[in-house]
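The values are calculated or read from the model by the stated rules, or taken from the named source; none is laboratory data. Keep in mind it's a predicted model, so treat the numbers as computed, not measured. Note: ideal-geometry Cβ built from the backbone for every residue, glycine included; neighbour counts use all protein chains shown. All accessible areas refer to the heavy atoms of the entire protein, side chains included, with ligands and DNA or RNA removed. Shrake-Rupley method; radii C 1.70, N 1.55, O 1.52, S 1.80 Å.
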Amino acid sequence: MNIKTVATTPFLDQKPGTSGVRKLVSAFKQPHYLENFIQSIFNSIEDYQGQTMILGGDGRYYNRQAIQTILKMAAANGVGRVKVGRGGILSTPATSCVIRKYNAFGGIVLSASHNPGGPDGDFGVKYNTSNGGPAPEKVTAAIFEKTKVIDKYKILEAPDVNLDTLGESKLGDMVVEVIDSVQDYEKLMESLFDFDRIREMLTSGKFRMCVDSMHAVTGPYAHALFEQRLGAPAGTVKNGTPLEDFGGGHPDPNLVYAHDLVEILFGENPPDFGAASDGDGDRNMILGRKFFVTPSDSLAVLAANATLVPGYKDGIAGVARSMPTSQAVDRVAASLGIDCYETPTGWKFFGNLLDAGKITLCGEESFGTGSNHIREKDGLWAVLFWLNILAVKQQPVEQLMREHWQKYGRNYYSRHDYEAVDSDRANQLITKLREQIPNLKGKKFGDREVEYSDDFSYTDPVDGSVSKNQGIRIGFTDGSRIVYRLSGTGTQGATLRIYLESYEPDPSKHDLDPQQSLADLIAIADEVAQVRALTGMEKPTVIT
Ligand code: VG1
Ligand code: CO
């Protein structure tokens, strides 16, 4: 076996963000850049020698090359076996599923999620631990420390592995096993949902749906599940072949970037149900006929109807949402008499709560919902969950949502993103906001009076770890909120996110356009933070 030790010097920008390290492909292609980060993972973990690891990615440009490099480094570092998705393809939720099923010590996911791909796009690497979830902060911090002092890495000198044929081969002493990307995940889905009932609905001739995989990783999964297994007609899944550049698009399932699907669902004679997923398959957007379900509402609906689904028929232990996510699910939890936790942004904060059995469902406003079946958010799981509920209730999406609002009230919600803001200006804006925090309480803006303001800090109820500075909150006495934070996944300049929420109990006022109903909060958000003046931008780049 020919293990080479290569001398290297640190890159100082390899700090994992909200979800791994994300950079332009050109950054990842610098000599030693990927290798430094991968070696730093091995340098920061223990007792993995001889064990199994899972590897795959969303199929974007550089996925295959990176996988070859990582396989050779894993072999040189003493990993026993790597299970890699065929063609290098594994969605983020499928990776989590496979890590758990085969008791792997961890896994590496190659993805920059919804960020554009291709030679000029983004690439990313994320490390997941043995519970199948994104490494918690103490692990990512340890990896980051190693990246700052790395001086060498180990790699096997060997020919590339054939990633396209199922089966085992040897790379030095390590076994490489190319696995079916879909099979284990499909079995898990079948164990949770009433496939017979969903099949009945999809083949009844009375229900039409359209799933947009946005040329990203869920294509093979969606074809297998919806068309082959559940009987939906061929053509139900659109853009179902993963492309290295995602067809030039932004594989981000929201009203702006999933416009093809939006046109179908809001067009002439629309289908009953529409869904889209993101680059790595962990996000989802749910649409009804001419109707958009906000991700925060989607989480609330899943929680309220969980017992209709076989996998959750005995009820849910608790729920969690990221802090900026709307409080719609809080109301469901209160009515069910279960706990509701508020965590910082990023799925890694749900892991401990799920492992400890404190929660069953969780979600984020950024089109992410999931449960204790794995430790990542799961796009197609959410779609199946909705289909299962619709098959039982035999109701259109819009009616189901309206009845939900009637019962719980409606949380009007919107997120305004200012992308590619100059980093210094964005930091200045946040610094100025922080300075204002102590003086905001009691202040009046039109009809709204500030009840509290803080920079969100989270103490993990399971391990006691503290995460500070997770977003500035301004809460008003009527329950409405404004939240500001900077993105931890962007790769160009800074992205400022402003989250706006208000609560409306009165059913006669459940028909407003969220931008209108939130208009005064939007104005207050600008007044307090001087967004337009400090960013130099007249309006947000993306509104969801
Ligand atoms: C964004 C979302 C966050 C999500 C994260 C990763 O992070 O806001 O809710 O967990 O992306 O999702 P940020 O720091 O840019 O706001 V994914 O589908 O990109 O792995
Ligand atoms: Co994603």
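Below, the figures for the structure above:
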| read-out | value |
| --- | --- |
| Pair list, Cβ under 7 Å, 6 or more apart: the stretch 29-53 residue β-branched (Val, Ile, Thr), other residue part of a helix (DSSP H, G or I) | 38/70; 38/73; 41/143 |
| Selected residue [open to solvent by less than 10 Å² (accessible area, probe 1.4 Å), modelled with pLDDT of 95 or more and either within 16 Å of ligand 2 (Cβ to nearest atom) or in contact with a Lys or Arg (Cβ under 7 Å, 6 or more places away or on another chain) (or both)] from 370, 346 | 370 |
| Residue in the stretch 401-422 that is touching a Gly at 6+ places or on another chain (Cβ under 8 Å), closer than 30 Å to residue 189 by Cα and modelled with pLDDT of 95 or more present | yes |
| Residue within the stretch 157-177 that is under 19 Å from residue 281 (Cβ atoms) and part of a helix (DSSP H, G or I) present | no |
| Strands (runs of 3 or more DSSP E) completely within the stretch 10-102 that count 2 or more residues being open to solvent by 30 Å² or more (accessible area, probe 1.4 Å) and within 16 Å of ligand 1 (Cβ to nearest atom) | 21-24 |
| Residue among 206, 187 that is within 19 Å of residue 386 (Cα to Cα), open to solvent by 20 Å² or more (accessible area, probe 1.4 Å) and under 30 Å from the mean Cα position of the chain (by Cα) | 187 |
| Residues (over 22 Å from residue 301 (Cα atoms) and away from ligand 1 (no atom under 16 Å from the Cβ)) located in the stretch 262-286 | 263, 264, 267, 268, 269, 270 |
| Extreme residue, farthest from ligand 2 (Cβ to nearest atom), among residues of the stretch 474-493 that are within 22 Å of residue 505 (Cβ to Cβ) and crowded, with 17+ Cβ neighbours inside 10 Å | 476 |
| Test: residue in the stretch 321-338 that is within 16 Å of ligand 1 (Cβ to nearest atom), modelled with pLDDT under 95 and over 25 Å from residue 195 (Cα atoms) | no |
| Enumerated strands (runs of 3 or more DSSP E) restricted to the stretch 223-322, each holding at least 2 residues that are open to solvent by 10 Å² or more (accessible area, probe 1.4 Å), within 16 Å of ligand 2 (Cβ to nearest atom) and in contact (Cβ under 8 Å) with a residue 60 or more places away in the chain | none |
| Scope the stretch 116-132; condition surrounded by fewer than 24 Cβ atoms within 10 Å (Cβ to Cβ) and part of a loop (DSSP other than H, G, I, E, B); matching residues | 116, 118, 119, 120, 121, 130, 131 |
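Yes/no per residue for (1) in contact with a helix residue (DSSP H, G or I) (Cβ under 8 Å, 6 or more places away or on another chain); (2) within 13 Å of residue 369 (Cβ to Cβ):
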| site | (1), (2) |
| --- | --- |
| 243 | no, no |
| 254 | no, no |
| 282 | yes, yes |
| 287 | yes, no |
| 295 | no, yes |
| 300 | yes, yes |
